[in-house]
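Step one of this worksheet: look at the structure below.
The values are calculated or read from the model by the stated rules, or taken from the named source; none is laboratory data. Because the structure is a prediction, the values reported are computed rather than measured. Cβ coordinates were reconstructed from backbone atoms using ideal geometry, including for glycine residues, and neighbour counts include every protein chain displayed. When the accessible area is computed, the model is the full protein with side chains, heavy atoms only, and any ligands, DNA or RNA have been set aside. Shrake-Rupley method; radii C 1.70, N 1.55, O 1.52, S 1.80 Å.
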Amino acid sequence: MLLRLTSLLSPDELTQARALLDNDAPWIDGGASAGAQAQQRKHNQQIASDSEHSRRLQSLVLAALQREPMFLSAALPKRIFPPRFNRYRASGEHYGAHIDNAILKAAEPGQWLRADLSCTVFLADAGSYDGGELVIHDRLGVQRIKLDAGDALLYPAGLLHEVLPVTRGERLASFLWVESLVPQEAHRQILFDLDMNLVALRARHGESDETVGLTGVYHNLLRQWATP
Ligand code: NI
């Protein structure tokens, strides 16, 4: 499932984020954090992850994710890898097709995290740059995605994806990975569909014996599938 999270960041948060992503920020070569294979394909810049800029940006994005019901319902997050921040400049910077690593070193020493979902938060106005589409290859074909500033895309981490060359302006984004309480994508999809339909049912008819019963079904499925 590819899911758009509309206005994940408020206009005020977007302004703060962009101020932290200006030319004075600690930009480093994005290839530094990629594996040997990805290094040849990754041509962008990233904010140094041990910097104060990075910490302030991370808390902005993490707070926005934690209050977004669609994110919580679709991802069922167990742990979130600290968000990173990148830019692709108009010299044709891009990231060729790749699949993200499955296992990532967590912030806590000796801990590992399984990347179940990827999330890209778009931080530059879509009209301010050309190119830079996030291209995702899934079973339905190829999706070319460029969202409004402040919107995010959540997608399964196992999909082949790339960022097309930027030919004008600058593409600013945050990206992060989520380890889910529910490892299987198909199970997450069923839980998300059930939850969204329950929300709609309650909005239309209020709480009823049936919505209480179906909420029980939701939790019993979660009990079967979750690996906390
Ligand atoms: Ni990637």
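If you check SER180 against the conditions, is it polar (S, T, N, Q), within 16 Å of the ligand (Cβ to nearest atom), more than 25 Å from ALA19 (Cβ to Cβ) and under 14 Å from the mean Cα position of the chain (by Cα)? Judged against the criteria, SER180 is not a match.
The rows are residues; the columns are (1) more than 20 Å from ARG171 (Cα to Cα); (2) at pLDDT below 95; (3) open to solvent by less than 20 Å² (accessible area, probe 1.4 Å).
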{"position": "HIS53", "(1), (2), (3)": "no, no, no"}
{"position": "LEU57", "(1), (2), (3)": "no, no, yes"}
{"position": "VAL61", "(1), (2), (3)": "no, no, yes"}
{"position": "LEU65", "(1), (2), (3)": "yes, no, yes"}
{"position": "PHE71", "(1), (2), (3)": "yes, no, yes"}
{"position": "ALA74", "(1), (2), (3)": "yes, no, yes"}
{"position": "ILE80", "(1), (2), (3)": "yes, no, no"}
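Among all residues of the range 173-185, there is none that is free of Cβ contacts under 8 Å to residues at least 40 places away in the same chain, open to solvent by 40 Å² or more (accessible area, probe 1.4 Å) and assigned to a helix (DSSP H, G or I). Scanning the range 150-172 for residues that are buried (at least 19 other Cβ atoms within 10 Å of the Cβ), part of a strand (DSSP E or B) and among the hydrophobic types (A, V, I, L, M, F, W, C) returns ALA152, LEU153, LEU154, VAL163, VAL166, LEU172.
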